[in-house]
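All remarks here apply to the structure that follows.
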Amino acid sequence: MPKDLLQIGKIQKHETRPFVLNHCFSSQTIREIISIQKECFLDKKRCHQKLFKDKAPQGITAHPSPEHHKSLSDIIRPILSDELKVPYEIEFAFHQNKFPYGVHTDSGYDPDEYIYKQGIIPLEISPAKNDVFTIIFEQKVYHSFGISLDQISKIKDQKWYKAAEKDFSSKDIPLDQKYFDYLTPALNFKWRVGDMAIWDRAHLHCSSEFELTGIQEKLGLMWITKIKAP
């Protein structure tokens, strides 16, 4: 359900351009996060395997227990202290993907939620030498929305849709050109272990296409925040 215009206006006061923090996690810290991820994936109550209709594996998502949430928060919050300027609540999810996510937002289903920032922390890429991107687009949607990569042309039928500008370069972005007929990239985040991308939760975003660069699987830690009730 969409948020009302007054609430959207308050959310927009805290919006910024998407950006990347380079080399913000040491190898030791990444190992600590992966250690937590492995424990989370063993917890069947908090781990969900995503399957295609033909039962082929699409990936695994795991939400940490309160104990693991605290451990992750203790690691992540100090890194975010210079970037997130208002009191916020934070949630985490590990994603191991064998197939790229389509275009979507993580704006949430709650019409009363004051959405804030989100980010992705690359943990593993397979094959490690191959390139994979998270592409954050200029276009924003203030409610939960998703569309598969092969249905991208249908995005123009949405009420909120605004045509993409044409004054950008899609060179070296591993997505079919048709995506850029409808959406304008704001940030093309190349996955490198130790880096982190941050953007507003209302931004449409997606993964690059795995087949174009030979990606078999990627593992990352996603976090999302909401502003404590204003």
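Here the residues 23, 205, ranked from fewest to most Cβ neighbours within 10 Å of their Cβ, fall in the order 23, 205.
A Förster radius of 35 Å, combined with the Cβ-Cβ distance separating residue 161 from residue 28, puts the computed FRET efficiency at roughly 0.20. Result for the chain in a Gaussian network model with C-alpha springs under 10 Å: among 131, 74, 181, the largest mean-square fluctuation is at 74.
Mind checking which of 72, 80, 219 has the largest fluctuation in a GNM of the chain, springs on alpha carbons under 10 Å? Result for the chain, Cα springs under 10 Å: 80 fluctuates most.
Taking DSSP loops as anything outside H, G, I, E and B, show the longest stretch in the chain free of trypsin sites (Lys or Arg not before Pro) there with at most 12 other beta carbons within 10 Å.
Working: sites that count: 13, 44, 45, 53, 55, 85, 129, 159, 166, 171, 228.
Result for the longest clean stretch: 172-227.
Estimated purely from DSSP H runs of n ≥ 4, each contributing -39500 (n - 2.57), the mean residue ellipticity at 222 nm for the chain is -5500 deg cm²/dmol once divided by its residues. The aspartates and glutamates within cross-link reach of residue 98, meaning a Cα-to-Cα straight distance under 16 Å and a gap of 8 or more places when in the same chain, are 54, 124, 131, 209, 211, 217. Bridgeable aspartates and glutamates around residue 140 (alpha carbons under 18 Å apart, same-chain partners fewer than 8 residues away excluded): 4, 15, 106, 110, 112, 113, 157, 165, 181, 200.
With the chain treated as a Gaussian network of Cα nodes joined by springs under 10 Å, which of 151, 118, 49 yields the largest mean-square fluctuation? The residue that fluctuates most here is 151. Here each label is just a point 7 Å from Cα along the line to Cβ, and for residue 4 and residue 85 those points are 2.7 nm apart. Here the extension length gained between residue 19 and residue 74 equals 17.6 nm, from 0.36 nm per residue of separation less the Cα-Cα distance.
Computed from point charges on the beta carbon alone (+1 for Lys and Arg, -1 for Asp and Glu), the dipole magnitude for segment 5-227 about its Cα centre is near 200 Debye.
Considering the values [x] -0.47, -1.19; [y] -0.29, -1.43; [z] -0.33, -1.22, which represents log10 I(q)/I(0) by the Debye sum over Cα atoms at q = 0.08, 0.17 Å⁻¹ as calculated for the structure under consideration? Recomputing log10 I(q)/I(0) by the Debye sum over Cα atoms at q = 0.08, 0.17 Å⁻¹ here gives the entry labelled [y].
For the set 44/85; 70/218; 38/190; 10/156, the pairs lying more than 32 angstrom apart at their alpha carbons are 44/85.
Note the full-extension length gain between residue 192 and residue 43 as 0.36 nm times their separation in residues minus their Cα-Cα distance, in nm to one decimal. Intermediate results must be reported in sequence, preceding the final value.
Values: separation 149, 0.36 × 149 = 53.64 nm, distance 2.72 nm.
Using 0.36 nm per residue and subtracting the Cα-Cα distance, I get 50.9 nm.
Per residue, the Cα convex hull of segment 173-221 amounts to 92 Å³.
Bear in mind these aren't lab numbers, they're just calculated from the coordinates by the rules spelled out. This is a predicted model, so every value here is computed, not measured. Ideal geometry is used to build each Cβ from the backbone, glycine not excepted, and the neighbour counts take in all protein chains shown.
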